[in-house]
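A.B. asks: The structure is given below, and queries will be raised subsequently.
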Amino acid sequence: MNPEDYLKVPTTGQVSDEYILVPVNDWLMLATSVEAKTWAKDNGEEQLIFEFHFNVDAPEVQALTGREDNDIKYACWMDLTEDGHIDESPGKNVKYGQLLTAVGKNVPGTLPNDVIGHRVLGHVEHSGSFANVTVVAKPS
């Protein structure tokens, strides 16, 4: 595929100009991937972020959005120790700890990828034109 070719392809209809978001609610969702990203802080330091992707495959969500796959994100802004390890002290990396607990993996030796393939109950909130998972728990 040559992306430049698409600069010469006209539209054949009207292009959607509104997002159809996963509704605000608690949804059962499947962890599909995780990305490690960095964000530049104002002071020049980099902040580590684990961005987990989940698919909300509830039939009512699929019907509303018209999509079989409804990808939604859960971002964990990670605190690190002075020596560069994930900070496991009380009150640090709580969102990550809650996710590991929700999938039964909050034990020594767990990697972020170990979450993939597990279901959680996630609470979805909207922020502008985005839907994000804000809280996760173990499905009942």
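Since every read-out is calculated from the coordinates, none of them should be taken as a lab result. This one's a predicted model, so the numbers in the text were calculated from it and none came from an experiment. Counting neighbours? That spans all protein chains shown, and the Cβs are built from the backbone with ideal geometry, glycine included.
A.B. asks: Checking the cross-link filter: which aspartates and glutamates have an alpha carbon closer than 16 Å to that of Lys73, excluding same-chain neighbours under 8 positions apart?
C.D. replies: Of all the aspartates and glutamates, those that pass the test against Lys73 - Cα under 16 Å, at least 8 places apart if same chain - are Asp26, Glu35, Glu51, Asp57, Glu125.
A.B. asks: Note down the net charge around Leu48, summing +1 for each Lys or Arg and -1 for each Asp or Glu among other residues with Cβ under 9 Å from its Cβ.
C.D. replies: Taking every other residue near Leu48 into account, the sum is -1.
A.B. asks: Nearest 5 is fine: what % of DSSP beta bridges in the chain come out antiparallel, could you say?
C.D. replies: Counting DSSP beta bridges with both partners in the chain, the antiparallel share is about 95 percent.
A.B. asks: With the contact rule set at Cα under 8 Å and sequence spacing of 6 or more, what percent relative contact order holds for the range 29-137?
C.D. replies: Once normalised by length, the contact order is 26 percent.
A.B. asks: If neighbour count is taken as other Cβ atoms inside 10 Å, put Thr12, Thr38, Thr65, Thr110 in order from fewest to most.
C.D. replies: Thr12, Thr38, Thr110, Thr65
A.B. asks: Next up: Grab the beta carbon distance between Leu30 and Thr81, set R0 = 35 Å, and tell me the FRET efficiency rounded to 0.05.
C.D. replies: Working: r = 32 Å, r/R0 = 0.90.
Once the sixth-power term is evaluated, E becomes 0.65.
A.B. asks: A follow-up question, please. If you take the charge dipole of the chain about its Cα centre, with +1 on Lys and Arg Cβ and -1 on Asp and Glu Cβ, which of Val61, Pro112, Leu80 is farthest toward its positive end?
C.D. replies: So the residue furthest toward the plus end is Val61.
A.B. asks: Let me ask something else about it. So how do Met29, Met78, Met1 line up by other beta-carbon neighbours within 10 Å, fewest first?
C.D. replies: Ordered from fewest to most neighbouring Cβ atoms within 10 Å, Met29, Met78, Met1 come out as Met1, Met78, Met29.
A.B. asks: Pop a pseudo-label 7 angstrom from the Cα along the beta-carbon direction at both Glu46 and Ser140 and give the gap in nm to one decimal.
C.D. replies: 4.3
A.B. asks: Once Lys and Arg get +1 and Asp and Glu get -1 on their Cβ, which of Gly44, Asn70, Leu30 lies farthest toward the positive end of the dipole of the chain?
C.D. replies: It is Leu30.
A.B. asks: Sort His85, His126 so the one with the fewest other Cβ atoms within 10 Å of its own Cβ comes first.
C.D. replies: His85, His126
A.B. asks: Check the straight Cα-Cα distances from Lys8 and name the lysines below 27 Å, setting aside those fewer than 8 residues away within the same chain.
C.D. replies: none
A.B. asks: With +1 on each Lys and Arg Cβ and -1 on each Asp and Glu Cβ, how big is the dipole of the chain about its Cα centre, in debye rounded to the nearest 20? Mind dumping the intermediate values first?
C.D. replies: Details: 10 positive and 22 negative charges, 81 e Å.
Dipole about the Cα centre, nearest 20: 380 debye.
A.B. asks: Which value, in debye to the nearest 20, describes the size of the charge dipole of the range 50-106 about its Cα centre when Lys and Arg Cβ atoms bear +1, Asp and Glu Cβ atoms bear -1, and nothing else is charged? Provide the component values of the computation, followed by the final result.
C.D. replies: Working: 5 positive and 11 negative charges, 32 e Å.
The dipole magnitude comes to about 160 debye.
A.B. asks: Another question, then. Return the label of the correct value of volume of the Cα convex hull per residue in Å³, as calculated from the structure shown, out of (1) 176; (2) 107; (3) 189.
C.D. replies: Of the labelled values, this structure produces (3).
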